[in-house]
Ligand SMILES: [Zn+2]
Ligand SMILES: [Zn+2]
């Protein structure tokens, strides 16, 4: 089968013809219809995350059709989505407490397990999810990470009404719609001077859109940071109210610069979000069609995976890049 392979970190992906994977017990073989490109893929390719499987097929926002099953569970022909969380142990203290996103032995798709930048992939069927038929394959793909981990990020931000979104990419463009559905008010922060991204944000319901160096017109109850820029942490702290929360939604970020304690004072909170649980996936995938969430995508043939990664890196994208094998 054709696949895009990472053979060494810091190198472009290489097109390869590799043996088709075989499903083991409890696994399914999936013909990939679409795989969205996540910023985490860039961090893996750039070597910012430790010890990826090598060679590796990246990609963890997979939509495809089951062509072979191990035993039980999904039927052949079912359409499923495969997210970042690929396997958890079920027995460690985190798993037992319902925090499988923090599992000591968790394995992740497109990082420690070959992912969806390929014609076929294998996944543990306990970590595959049905997708609402109202979504096309390409349109559904960004829901699998930008949507799921974005949902967890918004959930951990609390119930506040005024939500700031720093970095208006794939996750924020989904969350702006969800937040509006929940009756919240959205303030979008983009790279300074990026008028096109600010228009895009307003088009998705943001009440205000401006540069990340600007002060929003109102204090925020919470701020969600999706751009991998540590300097946004003190900027966001300065924009939230007393007792407000800043949630860092990415897996990697440049160093957070030193900042005066008064920005954190008055019970402001900074926290991160790590991965997702299957409960997050089930809740969000049920909520997305009810909230009328639509995704904006740009499709690339599988062979152009490097171009998709490059467009994500330079901010040339509106919404999400999606590879189509
Ligand atoms: Zn565990
Ligand atoms: Zn992701």
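Derivation of every value follows stated rules applied to the coordinates shown; laboratory data play no part. Only a predicted model underlies this, so the values are computations on that prediction, with no experimental measurement involved. FYI the Cβ positions are ideal-geometry reconstructions off the backbone, even for glycines, and counts take in every protein chain you see.
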* On a C-alpha basis, how far is the centre of region 95-110 from the centre of region 171-233 in Å? Whole number, if you could? => 30 Å
* Using the alpha-carbon centroid of each, what span in Å lies between region 27-78 and region 254-307? -> 19 Å
* Asked: Can you give the FRET efficiency for residue 313 and residue 265, using 1/(1 + (r/R0)^6), R0 = 25 Å, r = Cβ-Cβ distance, to the nearest 0.05?
  -> 0.10
* Structure fact -> Listing 129, 189 by rising number of other beta-carbon atoms within 10 angstrom, fewest first, gives 129, 189
* **Residues 42, 285, sorted so that the one with the fewest Cβ neighbours within 10 Å comes first** => 42, 285
* So for 213, 280, fewest C-beta neighbours within 10 Å to most, what's the order? -> 213, 280
* Computed Kirkwood radius, in angstrom, where 1/r is averaged over Cα pairs of region 1-86 -> 14.0 Å
* Asked: How long is the gain from residue 258 to residue 31 if the chain were fully straight, where each residue apart is worth 0.36 nm and the alpha carbon distance is subtracted?
  -> 77.0 nm
* What is the diffusion coefficient of region 62-217 in µm²/s, taking the Kirkwood radius over Cα pairs and the Stokes-Einstein relation at 25 °C with a viscosity of 0.890 mPa s? -> 140 µm²/s
* So, by mean Cβ neighbours within 10 angstrom, what's the order for 263-270, 238-245 with the highest one leading? -> 238-245, 263-270
* Hey, any idea what Rg/Rh is for region 148-272, computing Rh the Kirkwood way over Cα pairs? -> 0.92
* Asked: Two-decimal Rg/Rh of the chain from alpha-carbon positions, Kirkwood Rh?
  -> 0.96
* To do: Please work out, to two decimal places, the log10 of the ratio I(q)/I(0) at q = 0.12, 0.23, 0.24 Å⁻¹ from a Debye calculation in which every Cα of region 127-212 carries one identical scatterer.
  => -0.36, -1.11, -1.16
* Structure fact -> Extend 7 Å from the Cα of residue 17 along its Cα-to-C-beta direction; within region 74-115, residues with backbone N under 12 Å of that point are none
* **Relative contact order (percent, whole number), region 85-165, Cα cutoff 8 Å, 6+ residue spacing** => 20 percent
